[in-house]
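The values are calculated or read from the model by the stated rules, or taken from the named source; none is laboratory data. Just so you know, these numbers come straight off a predicted model, no measurement behind them. As a convention, Cβ positions derive from the backbone with ideal geometry for all residues, glycine included, and neighbour counts pool all protein chains shown. What goes into the accessible areas is simple: the full protein's heavy atoms, side chains included, and nothing from ligands, DNA or RNA. Shrake-Rupley method; radii C 1.70, N 1.55, O 1.52, S 1.80 Å.
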Amino acid sequence: MLKHLRSKIQSTGPISVSEYMKEVLTNPVTGYYVRKNMLGADGDFITSPEISQVFGELLGVWIISEWMGAGRPKRLQLVELGPGKGSLASDILRVFSQLQSVVGGASVSVHLVEVSPVLSRLQAETLTGNRSEEASSEDDPVYRRGETEGGVSVSWYRRLEDVPAAFSIFVAHEFFDALPVHKFQRTEKGWREVLVDIDPADPDRLRFVMAPTPTLASSTLVQAEERRDHVEVCAEGGVIVQQLARRIQEEGGAALIADYGHDGTKTDTFRGFKGHRLHDVLLAPGSADLTADVDFSFLRRMAGGGVACLGPVSQRSFLRNMGIDARMQVLLRNCSDPSVRKQLISSYDMLTNPAKMGERFQFFSLLHRARLAAPKTPEGLKLEKKSPAPLPVAGFTELSLS
Ligand SMILES: C[S@@+](CC[C@H](N)C(=O)[O-])C[C@H]1O[C@@H](n2cnc3c(N)ncnc32)[C@H](O)[C@@H]1O
């Protein structure tokens, strides 16, 4: 990877942090995500769906609740962006099968957007056992197809654009933080983009430099009223949110985005993880995960006014509003094995403790605007009272419609 980046920089000059991050993470041959499974105790980091199945189960309940809130459409596409090992989708589908009496009327299909061949094989194993096969042609936008044991069809895509247009609930857990960010620094001469260059003192090392003049990105991506001195902008994430908003507006549905992030307040959050420890982002590129906090204020801006945005709310509030406490009590009551009980309690603590994942992780949702509108009073019927309030959206305490 270092050799590849060096020759790229030698031929074109210093590259943007966004280009660096994209190459390092998703280069089709040597990219970090493309080559290895990095999730879990032996990997570089662990995520909530891998910590406890209760996490995915509660998201499954949220999905069913939003499908019901939309009037139980006949077709329900579950679309997951960056599904990792497939554990979240698998836990969601288990809830669907347990609540057959509720969801039974809908034709459910699963659509996974994944760039990593290694992870897509793991997802296929988790979700379909050996009931999946790769497409015979490279040009097929669906590069793998399969079926779960319960007969739900599962399709894999490299890009969201290729997922069929239909009522969909989109889920993205720790996906947006893996998308490349541009970094900008306020200087006396105005905003300048931070670039990655070869260190002249040691050609085996990379270093950050400041672009001497404005770049296209620094001229177009920084808000005129920006108050921070350093900002990170995930243009690719913005485009994906625009696509989600357009689909929800046109076809109905909702999106649930969960990630670590902030609401337009943080500055320098670009960092690396290797073996569960922080890692220098420019050292041994390709050997560590690179990530940046998600700026939810930017996602909200990019979603535009065609959809409603809820959140961000902390993971702790979201999971508690979804009933994690009651669910844990049932599991503990039915469990007599002390080691399993200990594990249940520690996973609950990890997910909800404000000092662990409880406050750092945030939940944000895009909804069809009709979802938050008050139910219509039937024509010709005069009501004395004010019209009823809209049905609350599970997980989000305050309906901060924006
Ligand atoms: C940090 S992992 C999270 C995995 C999983 N959602 C979880 O929480 O365990 C990021 C996931 O997004 C995928 N990914 C990263 N960049 C992507 C892109 N540009 N398009 C599609 N998938 C991508 C990775 O391969 C991986 O599955």
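In a simple Cβ point-charge model (Lys, Arg +1; Asp, Glu -1; nothing else charged), the chain has a dipole of about 880 debye relative to its Cα centre. Per-residue Karplus couplings for the stretch 281-296, computed as 6.51 cos²θ - 1.76 cosθ + 1.60 with θ equal to phi - 60°, are listed in order as 5, 9, 8, 6, x, x, 9, 9, 6, 10, 8, 9, 4, 7, 8, 5 Hz, Gly and Pro entered as x.
Compute the helix-to-body angle for 2-12: its Cα long axis versus the longest principal axis of the chain, expressed 0 to 90° and rounded to tens. Taking Cα atoms only, the helix is inclined about 70 degrees.
Of the heavy-atom accessible surface of the stretch 149-231 (probe 1.4 angstrom), what whole percent is carbon and sulfur? Ligands and nucleic acids excluded, carbon and sulfur reach 50 percent.
Skip the ligands, DNA and RNA, and give the accessible area per residue of the stretch 171-233 with a 1.4 Å probe, whole Å².
Values: 3260 Å² over 63 residues.
About 52 Å² of surface per residue is accessible.
A 1.4 Å probe run over the protein chains yields, for the stretch 238-384, 48 Å² of accessible area per residue, whole-number rounding.
Take every Cα pair under 8 Å whose residues are at least 6 apart in sequence, average their separation, divide by the length of the chain, and the relative contact order is 17 percent.
For the stretch 180-258, relative contact order (Cα pairs under 8 Å, six or more residues apart, normalised by length) works out to 31 percent.
Against the empirical 2.2 N^0.38 Å (N residues), the stretch 239-366 has a Cα radius of gyration ratio of 1.30.
The antiparallel fraction among DSSP beta bridges confined to the stretch 58-153 stands at about 35%.
Remark: for residue pairs LYS189/LYS274; LYS3/LYS274; LYS8/LYS85, the C-alpha separation exceeds 27 Å in LYS189/LYS274; LYS8/LYS85. Return one number: the angle in degrees, 0 to 90 and rounded to the nearest 10, between the long axis of the Cα atoms of helix 117-128 and the longest principal axis of the Cα atoms of the chain. Result, in degrees: 10.
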